[in-house]
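Everything below concerns the one structure shown next.
Taken together, the values in this text are just the output of simple stated rules run on the coordinates, not laboratory data. Please read these numbers as outputs of a predicted model, since none were measured by experiment. Positions of Cβ are generated from backbone atoms using ideal geometry, with glycine treated the same way; all protein chains shown enter the neighbour counts.
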Amino acid sequence: MILPLAYYGNPILRKKCKRVEAIDDDLRKLVADLEETMFAHDGIGLAAPQVGIDLTLFVRNIPTQTSHDQWVPGKTEVFINPKILEYSQEKDWRGEGCLSIPNLYGEVERPSRIKVEYTNMEGNRVTAEYSGLKARNIMHENDHLNGVLFIDRIYGKERQEMEQTLREIKKKYAGK
Ligand code: ZN
């Protein structure tokens, strides 16, 4: 089922989410709905608060590039109660957007590599290391679980230039 998205201005996006306590049928349904909603909006990641649920989990699906310069969907991964254990000193810049803040993009500086611990759908606690877009995507989604949005990581003039658009988005999606 495609779930309605929570948009910028919705207080759920500013909450610190609660831990997932059990991987049961309700959670499996939520994960399936998150995946369907992410695909419906051409997203590469979607966190539970973005559909109005304050639980610490997100799904992501990073497309892979084929040899013919085409992109195909990758494998959907589920991160439950994630905790980023280590960040690299090295950082890089890359443009980001967010399904909860439609049509707004900005360059965000983030660590290049991370080590993350999370629970998978089998209920196992696992640790993995990622770099590049796969790391950035986790940091963006993990921020959502702490009530942080990518625009909070853009400063100065760049951020000031976004304010008008942000006010318009807030007005347009008020109550959603
Ligand atoms: Zn987002």
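Near Pro49, within a Cβ-to-Cβ distance under 15 Å, what is the net charge of the other residues, with Lys and Arg +1 and Asp and Glu -1? Combined, the nearby Lys, Arg, Asp and Glu give +2. Shape class for region 79-176, computed from the alpha carbon gyration tensor (a ≥ b ≥ c): oblate, with a/c not under 1.5 and a/b at or below b/c.
Neighbours of Glu77 by Cβ distance under 12 Å: Lys/Arg scored +1, Asp/Glu scored -1, total +1. Starting from the Cα gyration tensor of region 30-76, take the square roots of the eigenvalues, sort them a ≥ b ≥ c, and report rounded, prolate or oblate (rounded when a/c is under 1.5, otherwise prolate if a/b is larger than b/c, else oblate). Prolate is the answer for region 30-76, as a/c is 1.5 or above and a/b outweighs b/c.
Pairwise Cα distances in region 1-59 exceed 14 Å in 52 percent of cases.
Here the contact order of region 29-87, divided by its residue count and restricted to Cα pairs under 8 Å and six or more residues apart, works out to 26 percent. Overall, the anisotropy analysis places the chain in the rounded class: the square-rooted eigenvalues a ≥ b ≥ c of its C-alpha gyration tensor yield a/c less than 1.5.
Can you tell me which of 141-153, 114-126 comes out highest on packing, and rank the rest after it, using the mean Cβ neighbours within 10 Å?
Highest-to-lowest ranking by the protection proxy: 141-153, 114-126.
Over the chain, Cα pairs under 8 Å with separation of 6+ residues give a relative contact order of 25 percent.
Of all the Cα-Cα pairs you can form in region 97-143, what percent are over 17 Å apart? It would help to have the intermediate numbers written out before the result.
Values: 474 of 1081 pairs.
Considering region 97-143, 44 percent of its Cα-Cα pairs are separated by more than 17 Å.
Distance between the 7 Å Cα→Cβ label points at Lys18 and Arg159: 3.1 nm. For trypsin sites (Lys or Arg not before Pro), the sites in region 1-56 that DSSP calls loop and that have at most 16 other Cβ atoms within 10 Å are Lys15, Lys16, Arg19. Each peptide in 127-136, 59-68 was scored by the mean count of other Cβ atoms within 10 Å over its residues; highest first, the order is 127-136, 59-68. Alpha carbon centre of region 26-104 versus region 106-149: separation in Å? Between the Cα centres of region 26-104 and region 106-149 lies a distance of 9 Å.
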